[in-house]
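Every read-out reported here was derived from the displayed coordinates using simple, explicitly stated rules and does not represent laboratory data. On a predicted model such as this, the values are computed, not experimentally measured, just so you know. Virtual Cβ from ideal backbone geometry, glycine too; neighbours counted across all protein chains shown.
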Amino acid sequence: MTNQQPQYLIGIDLGTTNTVVAYADMQQPLTPDNCQIFAIEQLVAAGEVAKRPMLPSFRYHPTVGELNESDMVLPWSGLAGDELAGELSQVVVGEWARELGAKVDGRQVVSAKSWLSHPQVDRSADILPWAGAEGVAKVSPVLASSSYLYHVRKAWNTEHPDALMEHQEVVITVPASFDEGARALTVEAAERAGFGKVLLLEEPQAVCYDWYARQGDDAQAALAKIKLLLVCDVGGGTTDLSLIKVAKGQDDQLTLTRVGVGNHLMLGGDNVDLALAHKAEHQISGGSSAKKLSTASLSQLIQQTRQAKELLLGENAPDSAKVTVLGSGSKLIGGAKSCNLTQQEVRDIALEGFFPQVSFDQRPVARRSGMVEFGLPYAPDPAVSKYLAEFIADHQEACKASLLDNESHNGQGVAIPDAVLFNGGVFNSSVLSERALSVLADWRGDKVTMLTNDSPNLAVAQGAVAYAKARRGAQLKIGGGSARTFFLVLEQSETAKQAICLMPKGTEEDQELTLDERKFSLQLGQPVQFHLLSTTADQAYQPGEIITIDDEMVAKQTFISLPPLVVVLEKTELDSVTVSLASSLTEVGTLQIDCVGENQQRWHVEFEIRKQLSSQRAHHAAEKLPAGFERAREKVDEVFGSSKKEANPKAVKTLRVDIEKALGKRDSWEVPVLRALFDALLEGKKRRRRSAAHERIWFNLAGYGLRPGFGYPVDDWRIEQVWDLYQPGLQFGQETQVWIDWWTFWRRAAGGLNATQQVSIYEDIAKYLKPAALTSRKLQAEAKQKSYEDMVKLVAVLEHLPVEDKTELTQWLLKRLEKPAETKTSWWAVGRIASRIPFHGSAHNVIAKEDVQRWLPQLLKADWKKNQQAAFAAVLMSRMSGDRSRDIEDDWRNKVVEKLNLAKAPASWVEMVETVKELDEAETKRVFGEGLPVGLKLIQ
């Protein structure tokens, strides 16, 4: 680590479509004109390196032998020094990568930034390019983002060997809507790329900083008649909205304060490109669903429609533009298909689809539209103008407080910002900025001032530099502090939860808030987790204020769950310690919490960004357990307590009944009760070996309490504790019922097991599942004694298995199902393994749809009226995910729907095949194999 003083202030816009770098030399006066764009050296064609003002955020992964090494040489290639850990041996980044991806399908990584903020996949797993061509090497969203930053750093350092980028002050911009997880992963990407300490800045603020800097001495005069500025930043992947209040401060100087930000909205230029690609595909295929393009070919087509959009929405645009999809392999040229997109078609889609002239009271459609591709959860409604109306409506208190006088309100008493600053590649088109301005003016019933932004592609990077200058007092600094209010959940009922305000919106970076009036007792030597919520709502809250939040508020995303906070306090002679919570805002815009002891000793609490992100919402707090719980715990201690002498040998046989007497019927036990019961059993795990009954009952009850293995604070720690039990195995393995409870335990906990653990289980069971086992009397006898059916149920839920293993396993079961003696459970298992939407796994790790289509004829031959297991298996295999790479073709879908209707299957099953649908309780129970704990809801 060096103590070298920085010479440059560097701003990096790590964009969805382009990465831009700006800088200021601190050896010169920090005036507005001391800001330049750093031209980034990159490959622009085979063997051709050139400087460009932007580095397209694209990667291309060539096949072996496709490109010559000499064609990929960069100025820093082959030089000794640091390398990007985990990087591929051959990769093209930047302009040539964008061009190659438009010609060859399935080898281009796009929209890494969107994946970085996608909570339903493992963002550290190698999943990109999504639905890549066969054999293409893949990387994680974190590494892809890191590779753009690494390229930028190497390009800078080659040109500035005496002022390395890692020694400069670097500001990286992120969407204002990025949550704690996405911000933390952005910092991780920078660290992996070799950067030192970095600062994060919200992109809409950066745009405003840039505008202010470019006005120079005229900035204050330009703002004099403005009271509330809307920053509308529509980039390639996201729509980012912020409100900035303009007010008079000391000495009559105007001040800027950010008073509102929008929630994360995956909606941008990429969606327009995708809509145009769908239109082009329809023309190319002649409207035939049977001739739909592969996901990889559609990805290639999108690069073409992006170019067509930019051409046809630009100044002096031609009447039409041609887009072409090349064939693949030997049909590369001969298989090419083309169509023309007209200027009018592109303008209609961009204007009426994305910026329709809607009234202020219109809101986005909540249901999922057809704009779901490539596994990314795009906003359900493509109309940016509707989200704009919703954002302004959600921040009416801030709008009214900023505008003050009623003249700025429209006829309905709604306060609309009186000025707007547009940014993002979408607004390179004056057609779109004029439409958006018209929509705002219509709502306001008066003129809305549009601040000039001549370079939407460069403004964010330049604004990051202006922010760095403002930190040094060289220009006005935008106030506003934290964009969100943070709450800690205290206790929870079935329909609502109590939460305490840790930090109100607007808290500045250097301000620490301590809740002295509320003390927490923390156990030492054990992980303790806190469930946090955040909201961008403009309601004013006070630190320490306790509010009630109902499920509807969470469902509407007024309040958003954050990754849990976890701390393990070192064990001392004490069992627990009393602490207060102190909160502050870090320089990268994330919440920092410390536990402060009565002697002022501090323990830092870290955000835990789960690598295996669950699709369940954790409902946690210091929940009150029911009155009968202590009685239930006593019953557990009677059976599994440390004193064998005091243990009642008959109590084990009645333990389940005794616990139900204390707590009520077990299907009514909520998650806090289940986990508390599991924790009580965990204390006695060594005493499960007292008898076969002890072992069986322990695994039965412990598995019931731990299911589904994740979704509740400290579950990962619980899984660590029980995994130690797997290798030693059973003490009383001669009894089939003990095996049944053993396999059931691991099935219930499977969602919390990592890939290595799941593979270990699979390898132990596989020998019993192979069709060849049917010819071995020894294996058949063992399979019967160990409960073959429960082994099948278990392997079906091991969603982290490699796709090759899942494919092989499905083929084994289908082969066995050709014989009537095979358990009908194997049909359910086939559906679960080959499901289009995983229950706890990552969406990238599903069996190929081509294999599913190859297997469907066998399921369609079954009698679904008599065999509901086979029918439901077909539903899971055909279930609509909205992701073209996973979803089966329409003709197969129609066959499944037709047969479901003939078999009079539940209407909800048909709906699952025809539309993207959340599971109801009955469907979840059938997928999971049993009911989930009360209050734990599976959300896609």
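Here are some notes:
- Restricting segment 153-188 to GluC sites (Glu not before Pro) in coil, as DSSP defines it, with at most 15 other Cβ within 10 Å: none
- Order of Y541, Y23 under a 10 Å beta carbon neighbour criterion, fewest first: Y541, Y23
- Potential lengthening of the chain between E573 and V910 amounts to 115.3 nm, from the contour at 0.36 nm per residue minus the alpha-carbon distance.
- Inter-label distance, A441 to E850: 5.4 nm, where each label sits 7 Å from its Cα along the C-beta direction.
- More than 14 Å apart - percent of Cα-Cα pairs taken over segment 86-130: 55
- Exposure proxy order (Cβ contacts within 10 Å, fewest to most) of H395, H840: H840, H395
- Taking a straight line from the alpha carbon of K635, these lysines sit under 25 Å away, with near neighbours fewer than eight places off in the same chain left out: K624, K644, K645, K650, K653, K661, K665, K685, K686.
- Our analysis of segment 623-753 gives Rg over Rh at 0.94, with the two radii drawn from alpha carbon positions and Rh computed by the Kirkwood formula.
- For segment 680-731, the spread of Cα positions along each principal axis, largest first, Å: 32, 20, 16
- At 1.306 mPa s and 10 °C, Stokes D of segment 782-940 from Kirkwood alpha-carbon radius, µm² per second: 101
- Pairwise FRET efficiency - N316 versus A50, Cβ, R0 = 35 Å, nearest 0.05: 0.85
- Extension gain (nm, one decimal) between A39 and D252, 0.36 nm per residue minus Cα-Cα: 72.7 nm
- Within the straight-line cut-off of under 25 Å between alpha carbons, the lysines reachable from K469 are K154, K197, K227, K245, K248, K477, K505, sequence neighbours fewer than 8 places apart in one chain being disregarded.
- Put the Cα centre of segment 657-696 next to the Cα centre of segment 194-235 and the gap is 58 Å.
- Tail weight of P(r) past 18 Å, computed on alpha-carbon pairs of segment 696-766, percent: 34
- For the chain, DSSP calls about 80 percent of its internal beta bridges antiparallel.
- Per residue of the chain, the DSSP helices (runs of n ≥ 4 H) give a summed -39500 (n - 2.57) that works out to -11000 deg cm²/dmol at 222 nm.
- Taking 20 °C and 1.002 mPa s as conditions, the chain diffuses translationally at an estimated 71 µm²/s according to Stokes-Einstein applied to its Kirkwood radius (Cα pairs).
- Sites L625 and K895 - FRET efficiency at Förster radius 45 Å, r taken between beta-carbons, to 0.05: 0.35
- W76-R472 FRET efficiency (beta carbon distance; Förster radius 41 Å; 0.05 resolution): 0.85
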